[in-house]
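What follows is one structure encoded as structure tokens, with my remarks underneath.
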Protein chains: 2
Amino acid sequence: MKNYLRATFEATANIAVVKYWGKRDEKLILPTNSNLSFTMDDKLKTRTTVVFSEDFKEDELYLNGQKIDLNDQSASERMIQLDLVRKSAGFNHKARVASINCFPTAAGFASSASGMAALACSSATAANLKLSNKELSILARRGSGSACRSVLGGFVQWHRGKNEDGSDSYASEIFPASHWKELVNVIAVVDSEKKKTSSRSGMKQTILTSKLFEKRLQTINETIEDTIRAVEKRDFESFAKLIIKESNNMHAVMLDTYPPIMYLNDNSRKVIDKIIELNENKGKMIAGYTFDAGPNAHVYTIENNLEVVKETLKEIPGVKELIVCRIGNGPKQLTNESEHLLTVEGKVKDMFFDEKTKSIISR
Amino acid sequence: MKNYLRATFEATANIAVVKYWGKRDEKLILPTNSNLSFTMDDKLKTRTTVVFSEDFKEDELYLNGQKIDLNDQSASERMIQLDLVRKSAGFNHKARVASINCFPTAAGFASSASGMAALACSSATAANLKLSNKELSILARRGSGSACRSVLGGFVQWHRGKNEDGSDSYASEIFPASHWKELVNVIAVVDSEKKKTSSRSGMKQTILTSKLFEKRLQTINETIEDTIRAVEKRDFESFAKLIIKESNNMHAVMLDTYPPIMYLNDNSRKVIDKIIELNENKGKMIAGYTFDAGPNAHVYTIENNLEVVKETLKEIPGVKELIVCRIGNGPKQLTNESEHLLTVEGKVKDMFFDEKTKSIISR
């Protein structure tokens, strides 16, 4: 084998429309319920280069140009994928990983889904593992739950699975990105104070303390079926109402948690009220919102209504930026030398994400 | 009988610790679940004088000195008690009603509970009906659901009841005010925009659309039993945790409603976070919050911890006033001529609530 094994991938964020909230297994990251998402286009992406080499003394991670201390537990836990890949590949080479998040800084998004998906793809490919989508999804899941959805494009289902070892808990594509080309996701980035409950500890508390959570789980499979049907038929009105209700439902069980988990702030509530009002005024559902573990709104609409939705959101005080995403095709391998974030010998290149040109360039 | 029948009562607000949210009968105002409250002292009260006379041509209502148009449906619905009293009394005299709410104007509280309780007491007494507490509570309930709790003092349970005619849906005293003298309710009045979903239409929507509401109803009787037990033992730590969870639970099903109902704003959330933090810092529960259909926090604590709770609340930006209530004894009849809001012939006196002296005086 070659002395240095290298691969580079870009993976994108995904925005759930039926949410993942609650683990049935903390260590293996197995969800309490199946869930659904659309993978976004490259407006929100992470590029990651992995190099394995027997010459390296230890694993090293460079995130947005900064070396990360892997003695930090939360950082090292996310690097578990490297161990899994090494085990499958049958070698024990240390790795050098460089990763750049191409997210507007204002957004303050969690980049774990795109980041861990890009790491799964690039580490498995560098190690010459020929993984199926299912195996790749399971690998990404070990880094971060929702990352298992970002290894696929289009409309994706993460199957809860039943097995204790997690071997049937993976994401698969339900419909490709081309199925519903008119669908658009407008992210309304809102002003907020930075304080945030970690979703990891929050999920745990919900399972331990929420009385309503059990009911959510009892009804969520029907929501999943209904949502798949709406997407299948490209029935935007049904889709919008379903995702609004589902988002409210998740934030309701968060509030029912002790201590309560509250991600929605006054600006989020203004977006909610405005979207409800917009739909009422139009006499039909032309926009549907969903909120993850944060105050920013993800407003799904269709191309024909994009302008009116953008105008409506722009008028809301507290909305500071709009990011328009379309549905993406999933991870992409990059093979040009200029695109790798590490040289072939694993040396970190001085590259960064330039917000003006929205591309990764050398300094 | 005399030509003019007059009576004057003061009734006070009550603050629920297990909430009333949802009607099983809209017209008779029958709740989907039993609920619990403490009746407050006279910091938050309504004084009402009723005069019946065969000389009057029509019912008239004067609220805080202003004549109210009884052709307005929501105003006339609340006057249904007059018809019920006339029917029981076997006469058909028209009534003149004068009512003054003695609430700090900043608070913006709903005064329907104290108002409708005062109307029940004064109209029944003016008509010489000798009603039991149960009958009085049912009468008040017809004016406004939670008013049925304000005809009693201390710790009160509004029994859901089973009968379709509402004859077993009334409030009764579980413990008198003297049972837990140390209990204090600190109302943190917060800045808010005035916009508000009416609780009447909100409740209806919750029943129609919330998937989680059924689970709330399945678990609420246990919450009621646990809360009664905590109050019985004056076990503040259990009490505080129970009421926090119960308030969160109600606001969760509100959020799970379509369209979502959101009464808590960023200032409410700051109070929630601060109370959770205060309890954590003290290593025990010294304060418990509950929110009604609005953003103001009702923070229960005990006398020994009142100062630290007040200091904590005062430091929160967005909290603009604190009102400290203790547990009250229920409605009080006033018989001095100077206290009636109407002359013996039903003429409106020029009286008003003076915020400085906190008393009702003549202009």
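The values are calculated or read from the model by the stated rules, or taken from the named source; none is laboratory data. Because the structure is predicted, anything quoted here is derived from the model rather than measured. Here Cβ is always computed from backbone atoms with ideal geometry, including for glycine, and neighbour counts include all displayed protein chains.
Can you tell me which residues in the range B:206-225 are away from chain A (no Cβ under 12 Å) and buried (at least 16 other Cβ atoms within 10 Å of the Cβ)? Result: B:ILE207, B:ILE224. Among residues of the range A:286-340 being assigned to a strand (DSSP E or B), hydroxyl-bearing (Ser, Thr, Tyr) and more than 30 Å from A:THR48 (Cα to Cα), the one that is nearest to the chain's Cα centre (by Cα) is A:TYR289.
For the range A:113-125, which positions are over 12 Å from the mean Cα position of the chain (by Cα) and buried (at least 24 other Cβ atoms within 10 Å of the Cβ)?
At the first step, the residues of the range A:113-125 found to be over 12 Å from the mean Cα position of the chain (by Cα) are A:119-125.
Hits for the range A:113-125 are A:LEU119, A:ALA120, A:CYS121, A:SER122, A:SER123, A:ALA124.
Screening A:SER178 against (1) buried (at least 24 other Cβ atoms within 10 Å of the Cβ); (2) without any contact (Cβ under 8 Å) to a residue 40 or more places away in the chain leaves a single unmet condition, (1).
Checked against (1) over 29 Å from A:LYS347 (Cβ atoms); (2) at pLDDT 95 or above; (3) of a type outside the set (D, E, K, R), A:HIS93 passes all but condition (1). Of B:VAL189, B:VAL253, B:VAL184, all but one fail to be of a type in the set (Val, Ile, Thr), touching a residue at least 40 places away in the same chain (Cβ under 8 Å), at the interface with another protein chain (Cβ under 10 Å from one of its Cβ atoms) and crowded, with 17+ Cβ neighbours inside 10 Å; the exception is B:VAL253.
Checked against (1) within 13 Å of another protein chain (Cβ to nearest Cβ); (2) closer than 19 Å to B:ILE244 by Cα, A:GLY202 passes all but a single condition, namely (1). Cβ separations smaller than 6 Å between residues 6+ apart or across chains give the following pairs from the range B:18-46 residues that are buried (at least 19 other Cβ atoms within 10 Å of the Cβ) and at pLDDT 95 or above to residues that are among the hydrophobic types (A, V, I, L, M, F, W, C) and part of a loop (DSSP other than H, G, I, E, B): B:MET40/B:ALA13. The residue that is surrounded by the most Cβ atoms within 10 Å (Cβ to Cβ), counting only those in the range B:126-138 that are more than 18 Å from B:ARG160 (Cβ to Cβ) and of a type outside the set (D, E, K, R), is B:ALA126. Quick test of your reading of the structure: A:LEU131 fulfils all but one of (1) among the aliphatic types (A, V, I, L, M); (2) assigned by TED's automatic domain parsing to the domain that holds A:GLY318; (3) closer than 30 Å to A:HIS340 by Cβ. Name the failing condition by number. Tallying (1) among the aliphatic types (A, V, I, L, M); (2) assigned by TED's automatic domain parsing to the domain that holds A:GLY318; (3) closer than 30 Å to A:HIS340 by Cβ, A:LEU131 fails exactly one: (2). Considered as a group, the residues in the range B:226-250 that are of a type in the set (A, V, I, L, M) and under 30 Å from A:TYR289 (Cα atoms) include one that is nearest to the other protein chains (Cβ to nearest Cβ), and that residue is B:ILE244.
Among the residues of the range A:284-301, is there at least one that is at the interface with chain B (Cβ under 9 Å from one of its Cβ atoms) and either within 17 Å of A:VAL17 (Cα to Cα) or crowded, with 21+ Cβ neighbours inside 10 Å (or both)? Scanning the range A:284-301, I find no residue that is at the interface with chain B (Cβ under 9 Å from one of its Cβ atoms) and either within 17 Å of A:VAL17 (Cα to Cα) or crowded, with 21+ Cβ neighbours inside 10 Å (or both), so the answer is no. Against the test of being more than 26 Å from B:HIS251 (Cα to Cα) and modelled with pLDDT under 95, the options B:GLU355, B:GLU337, B:GLU321, B:GLU303 yield a single qualifying residue, B:GLU355. Among the residues making up the range B:140-154, a single one is surrounded by fewer than 24 Cβ atoms within 10 Å (Cβ to Cβ) and not in a loop (DSSP other than H, G, I, E, B): B:ARG142. Considering the range A:42-118, the qualifying strands (runs of 3 or more DSSP E), each wholly inside and each with 3 or more residues that are under 20 Å from A:SER146 (Cβ atoms), run over A:45-53, A:94-102.
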